[in-house]
Structures are given as structure tokens and as C-alpha cells.
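A.B. asks: My questions will all concern the structure given below.
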Amino acid sequence: MQRALSVSRDRFADWYQAVVREADMAETSPVRGAMVIKPWGWGVWEQIQGELDRRIKATGHENAYFPLFIPLSFIAKEAEHVEGFAKEMAVVTHHRLKNIDGKLVPDPDAKLEEPLVVRPTSETIIGDAFSRWIKSHRDLPLLINQWANVVRWEMRPRLFLRTTEFLWQEGHTAHATVQDAVEETHRMLEVYRAFSEDVLAMPVIAGEKPENERFPGAVNTYSIEAMMQDGKALQAGTSHFLGTHFAEAQNIKFQNDAGGMDFCNTTSWGVSTRLIGGVIMTHGDDDGLRLPPAIAPRQIVVVPMLRDKPEDAEVLAYCEHLVKALNGLTVFGQPVRALLDIKKIKSAEKRWNWVRKGAPLIVEVGPRDAAGGNVTYMRRDDLRDGDKVKSIVKPRVDFIEGAVQLLAEIQAGMYADAKARLDNNIKRDITSWDGLTAYFGDDEDSFKGWVRVAWGKPTGADLEAIGQKLKTLKLTIRNAPGDQPKEFAACIFSGKPGVEEVLIGRAY
RNA sequence: CGGAGCGUAGCGCAGCCUGGUAGCGCAUCUGGUUUGGGACCAGAGGGUCGUGUGUUCGAAUCACACCGCUCCGACCA
């Protein structure tokens, strides 16, 4: 069968790269690990930003912006934080270049007194501002978000999933009490869960990270974990309760209502352009990308069948009327995004380009449709019947009237499919280390999904040892899901009584 | 940074073993024929064969070094 993509999902890594390229999302750049995000990929990010920003503001947060450069001494203030990020930091040491023997080099006379790091995350520079902004318990809670780029010098970049520079939002909040801060941490985890499921149609499991997977400097880290089509886990968002670690390191204090001085409890939380990688690996198929309508930059693309003949004008006028009517509709609380594609390329090619890009509805209109008052359309979520592409003919009025419903139906269907995959591939009947080894050890490459097992929640060196053991199977503990049962089986690592259930799987 | 593989036209690849001066498919451009759908015919454009050094009368092909990419480790949103 002829597919729109030359690689299929059985070569998942190659397939992923093919989708990113063929859907015209992004490309590599001359700077290793840094990507160029092309208009279609950027359009998806804009939709993600727009909707998530509304939700962040709806929970009481305000946007602000902090510097890209952070004084080295700031990073050094929180011990665990330094250790966690030291190995992947870009450092600015000079502020001028000089031509020496025909070569442009950093001017030795322009060395900075104190080196600046390019932010890998902004706890420290924002904490510094917080220490000046907060005086009284009346200033709390302080709820700030920033949309920014950050840099982490990664060894093995992968477009969208792990790039040296990436885009994200990072929320930073300060609270008077532990309880307030913990509630905030959970509130934002829930915002991420709902956003991922409702908007990205990407089901996730929200839960707490084990101690060894915590954010450097956090008291607790929570994550949402999504299952990709190869069964691997993608950490799609994190929310951290930081306790008073950063407040103590940076002197973020307030005067309480009894007149005494207390340290703030702080939180931070973020999601990044990695979400786009998650959408690709959750919804893509062998014809390319499939975008959930809620984030598709173009939800309905109208392709006129033009033939360089006089009747083209009628077809175009008919299409313009159609697109105008569609753009006047509202779906998911936003105006419908419909496009009339009048590029001067062959219609058949337009169709396949939009298939690869994952536009949810592709409408083709020829002279006969125009004359009969019809449209012919394809659903990207249900593209083929065997080898044949499914084309549906409908009166134009009916299509316009049903368009919002149809987009909602596509969104819901994509979620349901992904949800079924997640639910059906969490294995719950493994009760021992041997069972785990047998399940994951037999074939490295096949689809495994995750397992959910009971454990004794060890800490310190015991946990470290388990981590090492799991590593031999390329496994990690993803999180301890929020919905825990009342009773637990024995710990699969120690055989002692279990106290918690955790998800284990391979991860990106 | 360690292990493996690969760098030949925009993309996918052949040619390399056995050195003789570069080819295929798709894409692109032009002309024509088509037209309810990924069309056909004819022609055309496009390549420092990753970079450098060496061997040789002659290197995409052999040798060495370097660079880059992909996968597997270490690191990670």
C-alpha cells in the first residue's frame, strides 16, 4: 500500500524523525542539539501556549519575565541544585571578541568578573526577585509564571524530546505555609493532567516521583507520564514542592501575622516543547502526524480542485464562502481555524502534504461539488478503508452545521484510542523481580508497556541499589500514581510488606 | 566521553570488495497531453562523492587522521 510516509512505526525512532521532517515541524540547525522550529511546528506550540496560558491564568497566576543570564554565584546557593545542573550548563565568560592573528577569539581583556550561566531553569534568579518582593504574609501567595527558553547541554539531542535549547513555561510560587505550597503543587499537576488529556488528547498518569528521580533541590516531585506508541514512557510535565530549600538559600522571608519572620515554602512546575514530541508519538501513524483538533494550527483545510479553466473562479468563490462560514464558528471555546489552500501546486500534492501534517479535516472541492452544493472531505483520524482513502460527500450546509461536532468527535476519539492503549498496557500481575526480568528481559525491542507493582518505598542506598538493578533492564520507576489502593502486595524487590504501588517502564 | 553503524543531488539509495573521472527512484524546472483526484510523454537543471593528508599516471573506490549524523551506554524536561 502506498502511504504518505516512507517509514512505518515498526522502526519507531526512524519513523519519529520522518514525521518531524515530513510534517514540516522542525529541522536540525548548525548548532548541535538546537533545532529550528518551522511554521507548522511553531503553530502547534502557539496553540499549546495559548490554551495552557489561559489555564495558568485561570488558577490565579500572572506572567512575568526574568533574565536569560544567571550569575554563577546564584546557582551555587542551593547545594543539590548545583550538583543536578552543573554538568549541563552553558557559561558566558567574555563580553567581547577580538581579532588575534586573523582569528576572532574572546578578548582576554573582556573577561567577566563573575561568569554568567545561561538559565537551565530559573529558580535562583526568580528566587532572588522573590526575596525582594516579599515582605509580609499579605504578599503571599506570590504566583508567577514565565514563558521562556532554557539551555541544558544534553549529550544526545532528539528533536522536540531533548534539545540543548528548549522552550517552556516555568511557574514559580511562594506560600506562607507548607499546606498552601503542597496544594499549589498538586493544583498545577492537575492543570497539566487535564491539559494533556483534554487538549493534547494524550492520557497520562499523574503521580509522585521516587526520591532518586526528584528535581535537584525539591522535597517532592510529581509528574504526568504518557505512554508512547512504542510502549515507552514520556515524562510530560513536572510539579515540584520545594519546601524552604530555596527560600533558605536565597533568603525569601516574610513577616507572619504574629510579627515573627518565616521562610516561604516555594513550588515550581513546567512543561516544554517536549509535549510536541509526545503528541507525535501518541497520535502519529504511518501516513504521518495526526493532530488533535484542539491544537491543530489549521483544523479544516479546504483544497480547491483547480484546472486552469474559467470555472476555477466559481470553485474558488464557493470555497471562500465555505471557509468564511467555518471561521465564524466556535470550537473548544476558540474560533474555528479553517484555511483555503490556494498555493500553486497540484491538488493531489496538497492533499498528501496536509495528511502528513495531520490536519484533522481535509476538504476537497471540485466543480461538481460546487455545482451540486456539496463538499468532499476526509477525516485524518479515520483516513483509510483498507488501501483506499475514505472520502465523504456531504451538502455544504450540512458540513458547516456539523463541523464543530465533528471536530469535537475527532478530539474525543483520538483521546479514547490513546486511553485504551494506556489502560490495556499496564501489566498488574507481576509480583517478583524474576517476573519482572522475565517480562522485560526476553526481547529488548518489542512493545512492553508498563508494569504496576507494589514496593516498600525504600530510600537512600536501598533505593539506589534498586535503581541500578532496574537499569540492567533499561527500566526506571516512573511514578507512584495518585490513585493508590488500600492494601498492597509484597514489595517486588525485597519481599517485605508493600506500602505503595509504582509504575515501572522504559522511558525517553 | 566509550561501543557499533553510516556520510554519494532536496529526500531515499546504488556504485567501493576488484581504482579509469558519477548513476537510479522520488522531488524540482520547461513544453505538451491529461483531469473527481498521489497522472502520462519528452526534455532540462542540480553533486568540492563529509574534510584533509597520503599511495598512485589516475581515488567516490585503497590507507591514515579529523569532522558530522544515527543507534546503544553515561546525562536528562
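A.B. asks: Among the residues of region A:269-296, count how many are β-branched (V, I, T) and in contact with a strand residue (DSSP E or B) (Cβ under 6 Å, 6 or more places away or on another chain). Give the derivation first.
C.D. replies: Of all residues in region A:269-296, those β-branched (V, I, T) come to A:271, A:273, A:276, A:279-280, A:282, A:295.
Imposing the further condition that a residue be in contact with a strand residue (DSSP E or B) (Cβ under 6 Å, 6 or more places away or on another chain) reduces the set to A:271, A:273.
Qualifying residue count, region A:269-296: 2.
A.B. asks: With respect to A:A359, is the statement that it is farther than 30 Å from A:T59 by Cβ and either within 12 Å of RNA strand B (Cβ to nearest atom) or assigned to a strand (DSSP E or B) (or both) true?
C.D. replies: So A:A359 fails the test.
A.B. asks: Out of the residues in region A:166-180 that are closer than 20 Å to A:I125 by Cβ and more than 8 Å from RNA strand B (Cβ to nearest atom), state the one that is most open to solvent (accessible area, probe 1.4 Å). Don't jump to the end; show me each part of the working.
C.D. replies: Taking region A:166-180 as the starting set, the residues that turn out to be closer than 20 Å to A:I125 by Cβ are A:166-175.
Subsequent filtering for residues that are more than 8 Å from RNA strand B (Cβ to nearest atom) retains A:167, A:169-175.
Working: A:L167: 37, A:Q169: 0, A:E170: 4, A:G171: 0, A:H172: 9, A:T173: 1, A:A174: 0, A:H175: 7 Å².
Filtering region A:166-180 for residues that are closer than 20 Å to A:I125 by Cβ and more than 8 Å from RNA strand B (Cβ to nearest atom), the one most open to solvent (accessible area, probe 1.4 Å) comes out as A:L167.
A.B. asks: Considering only residues of region A:310-330 that are outside any helix (DSSP H, G or I) and within 18 Å of A:A371 (Cβ to Cβ), which is most open to solvent (accessible area, probe 1.4 Å)?
C.D. replies: Checking each candidate, the answer is A:P310.
A.B. asks: Out of the residues in region A:99-133 meeting the condition of being open to solvent by less than 20 Å² (accessible area, probe 1.4 Å) and part of a loop (DSSP other than H, G, I, E, B), tell me which one is farthest from A:W269 (Cα to Cα).
C.D. replies: The residue in question is A:D107.
A.B. asks: Tell me whether region A:246-264 contains one or more residues that are open to solvent by 40 Å² or more (accessible area, probe 1.4 Å), away from RNA strand B (no atom under 15 Å from the Cβ) and among the aromatic types (F, W, Y).
C.D. replies: The answer is yes; a qualifying residue exists.
A.B. asks: How about region A:372-392: which of its residues are within 7 Å of RNA strand B (Cβ to nearest atom) and touching a residue at least 24 places away in the same chain (Cβ under 8 Å)?
C.D. replies: Once the filter is applied, which keeps residues that are within 7 Å of RNA strand B (Cβ to nearest atom) and touching a residue at least 24 places away in the same chain (Cβ under 8 Å), region A:372-392 yields only A:S391.
A.B. asks: A further question on this structure: Looking at A:A218, A:A206, which one is touching a Phe, Trp or Tyr at 6+ places or on another chain (Cβ under 8 Å) and either in the same structural domain as A:W455 (by TED's automatic domain parsing) or buried (at least 24 other Cβ atoms within 10 Å of the Cβ) (or both)?
C.D. replies: On the way: A:A206 fails: either in the same structural domain as A:W455 (by TED's automatic domain parsing) or buried (at least 24 other Cβ atoms within 10 Å of the Cβ) (or both).
None of the other options fit; the residue is A:A218.
A.B. asks: A follow-up question, please. Of the conditions (1) away from RNA strand B (no atom under 15 Å from the Cβ); (2) open to solvent by less than 40 Å² (accessible area, probe 1.4 Å); (3) at pLDDT 95 or above, A:W45 fails just one. Which one is it?
C.D. replies: (1)
A.B. asks: Name the pairs whose Cβ atoms lie under 8 Å apart, with the first residue in region A:28-50 and closer than 21 Å to A:Q146 by Cβ, the second in a helix (DSSP H, G or I) and not β-branched (V, I, T), and 6 or more positions between them or separate chains?
C.D. replies: From residues that are closer than 21 Å to A:Q146 by Cβ, the pairs are A:I37/A:W45; A:Q47/A:A294; A:I48/A:L275.
A.B. asks: How many residues does region A:331-352 hold that are open to solvent by 50 Å² or more (accessible area, probe 1.4 Å), within 16 Å of RNA strand B (Cβ to nearest atom) and free of Cβ contacts under 8 Å to residues at least 40 places away in the same chain?
C.D. replies: Looking only at that region, the number is 7.
A.B. asks: Could you tell me whether any residue of region A:290-304 is within 14 Å of RNA strand B (Cβ to nearest atom) and part of a loop (DSSP other than H, G, I, E, B)?
C.D. replies: No; the residues of region A:290-304 include none that is within 14 Å of RNA strand B (Cβ to nearest atom) and part of a loop (DSSP other than H, G, I, E, B).
A.B. asks: Same structure again: Cβ-Cβ below 8 Å, separation at least six or inter-chain, first residue in region A:76-94 and assigned by TED's automatic domain parsing to the domain that holds A:D128 and among the hydroxyl-bearing types (S, T, Y), second open to solvent by less than 50 Å² (accessible area, probe 1.4 Å) and away from RNA strand B (no atom under 15 Å from the Cβ): which pairs?
C.D. replies: A:T93/A:L112; A:T93/A:P115
The values are calculated or read from the model by the stated rules, or taken from the named source; none is laboratory data. Quick caveat: nothing in here was measured; it's all calculated off a predicted structure. Every residue, glycine among them, receives a Cβ derived from its backbone with ideal geometry; neighbour counts consider all protein chains shown. Surface areas here come from the heavy atoms of the whole protein model, side chains and all, with no ligands, DNA or RNA. Shrake-Rupley method; radii C 1.70, N 1.55, O 1.52, S 1.80 Å.
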